[in-house]
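J.: Below are the structure tokens for one structure; questions will follow.
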Amino acid sequence: MENMPYRVELELQTFQASIGEVTRSAEVTSTDWQDRLPVLSGAQVTLRELRASDAASLFALLTTEEVTRFISPPPTTVEGFVKFIAWTIRQRTAGTFACFAVTLKGYDTAVGIFQMREMEPGFGTGEWGFVIGSPFWGTGVFQEAAELVLEFAFETVGVHRLEARSAVRNGRGNGALRKLGAVQEGLLRKSFLRNGEYLDQVLYAIVDDDWRFSREMARPIHASRVH
Ligand SMILES: CC(C)(COP(=O)(O)OP(=O)(O)OC[C@H]1O[C@@H](n2cnc3c(N)ncnc32)[C@H](O)[C@@H]1OP(=O)(O)O)[C@@H](O)C(=O)NCCC(=O)NCCS
């Protein structure tokens, strides 16, 4: 999240994208997501493409001090979020970026976002970041949403390696990544400028083979025996 490429000051265009009807993830092939993000559905959460109308709830939930302490400053106005959302749609159309709104099952209000960007042409390597409104921390919303996004990354987009950077001091961010199986690969010293201070970051990665293996291990035994 810290190094995601959107910059408020570069954003000048207004929201124009049209979002069509719901598409189930199972029906999506590897290139369809560039036309429209699938809806990712779990027991507790539904992830879908952002809409301009999400700007107000995202502004209210994602701009508090405790949420933004270790991430790049989000837009500072509702209009700024509208522009950010328009930018995410354009980047998705270009095939270099995907950003999901996290909503609670049965409600359409966006309570967080997951972003993923291409780090090499073809999206073999990607970087992801996430932010959830603090009233929903520790509720399982993050875990379920993250698992859906990982499946999207590895199965739909075809990512082989998904990186994440988290400030060393970001206890929740590090805990969240570790419990998903992200492996700490390095320490990036003084790599992230926040509030006038250069912070050290941990570099994490999840690779497709490890993700598939752990998913297979998590399946009930009878399920993996069925051919
Ligand atoms: C990162 C974020 C999305 C995670 O969502 P969340 O609901 O807080 O995550 P969870 O509670 O499911 O998981 C966090 C884990 O870290 C653990 N944790 C919390 N504080 C910790 C600390 N100081 N040190 C180590 N682990 C810690 C929690 O116990 C939890 O593990 P558990 O489920 O095994 O108990 C959310 O905290 C957030 O939006 N933070 C602000 C933005 C941000 O930092 N984004 C990440 C950038 S890498």
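J.: I need a count of the residues in the stretch 135-181 that are within 10 Å of the ligand (Cβ to nearest atom), farther than 13 Å from Phe114 by Cα and charged (D, E, K, R).
T.: Summing the residues that are within 10 Å of the ligand (Cβ to nearest atom), farther than 13 Å from Phe114 by Cα and charged (D, E, K, R) in the stretch 135-181 gives 5.
J.: Can you give me the number of residues within the stretch 148-172 that are part of a helix (DSSP H, G or I) and within 20 Å of Thr125 (Cβ to Cβ)?
T.: 9
J.: Looking for something among the small types (Gly, Ala, Ser) and in contact with an Asp or Glu (Cβ under 6 Å, 6 or more places away or on another chain) - is there at least one such residue anywhere in the stretch 66-82?
T.: So far as the stretch 66-82 goes, yes, one or more of its residues are among the small types (Gly, Ala, Ser) and in contact with an Asp or Glu (Cβ under 6 Å, 6 or more places away or on another chain).
J.: While we're here: Of all residues being touching a strand residue (DSSP E or B) at 6+ places or on another chain (Cβ under 8 Å) and more than 15 Å from the ligand (Cβ to nearest atom) in the stretch 86-101, which is farthest from Phe114 (Cα to Cα)? Just the residue, please.
T.: The selected residue is Gly95.
Here is a yes/no grid of residues against (1) hydrophobic (A, V, I, L, M, F, W, C); (2) open to solvent by 20 Å² or more (accessible area, probe 1.4 Å):
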| position | (1), (2) |
| --- | --- |
| Lys105 | no, yes |
| Val111 | yes, no |
| Trp137 | yes, yes |
| Ala145 | yes, no |
| Gly158 | no, yes |
| Arg161 | no, yes |
| Ser166 | no, no |
| Gly171 | no, yes |
| Arg178 | no, yes |
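J.: Further, regarding this structure: Would you check which residues across the stretch 188-218 are part of a helix (DSSP H, G or I), hydrophobic (A, V, I, L, M, F, W, C) and open to solvent by 30 Å² or more (accessible area, probe 1.4 Å) and list them?
T.: Phe213, Met217, Ala218
J.: When both residues are 6+ apart or on different chains and their Cβ atoms are under 6 Å apart, which pairs have a first residue that lies in the stretch 53-71 and is farther than 15 Å from Phe114 by Cα, and a second that is within 14 Å of the ligand (Cβ to nearest atom) and assigned to a helix (DSSP H, G or I)?
T.: Pairs that qualify, where the first residue is farther than 15 Å from Phe114 by Cα and the partner is within 14 Å of the ligand (Cβ to nearest atom) and assigned to a helix (DSSP H, G or I), are Glu66/Ser134.
J.: Sticking with this one: Go through (1) of a type in the set (A, V, I, L, M, F, W, C); (2) part of a helix (DSSP H, G or I); (3) on the phi > 0 side of the Ramachandran plot for Phe123 and report which single condition fails.
T.: Unmet for Phe123, out of (1) of a type in the set (A, V, I, L, M, F, W, C); (2) part of a helix (DSSP H, G or I); (3) on the phi > 0 side of the Ramachandran plot: (2).
J.: Just to be sure I understand the filter: pairs with C-beta atoms under 7 Å, separated by 6 or more residues or on different chains, first member in the stretch 122-138 and in contact (Cβ under 8 Å) with a residue 40 or more places away in the chain, second member open to solvent by 10 Å² or more (accessible area, probe 1.4 Å) and more than 14 Å from the ligand (Cβ to nearest atom). Which pairs pass?
T.: These pairs meet every condition: Glu127/Met119.
J.: Within the stretch 98-120, how many residues turn out to be more than 22 Å from Gly42 (Cβ to Cβ) and out of contact with any Asp or Glu (no Cβ under 6 Å at 6 or more places or on another chain)?
T.: Result for the stretch 98-120: 2.
J.: Something else about it: Can you tell me which of Ser57, Ser72 is within 18 Å of the chain's Cα centre (by Cα) and surrounded by 19 or more Cβ atoms within 10 Å (Cβ to Cβ)?
T.: The match here is Ser57.
J.: Kindly indicate the residue of the stretch 36-45 that is surrounded by 22 or more Cβ atoms within 10 Å (Cβ to Cβ) and touching a Leu at 6+ places or on another chain (Cβ under 8 Å) and also nearest to Arg172 (Cα to Cα) among those meeting that condition.
T.: Val45
The values are calculated or read from the model by the stated rules, or taken from the named source; none is laboratory data. Every value quoted in this text rests on a predicted model; they were computed, and no experiment measured them. Note that we place each Cβ from the backbone using ideal geometry, even for glycine, and neighbour counts take in every protein chain shown. Surface areas here come from the heavy atoms of the whole protein model, side chains and all, with no ligands, DNA or RNA. Shrake-Rupley method; radii C 1.70, N 1.55, O 1.52, S 1.80 Å.
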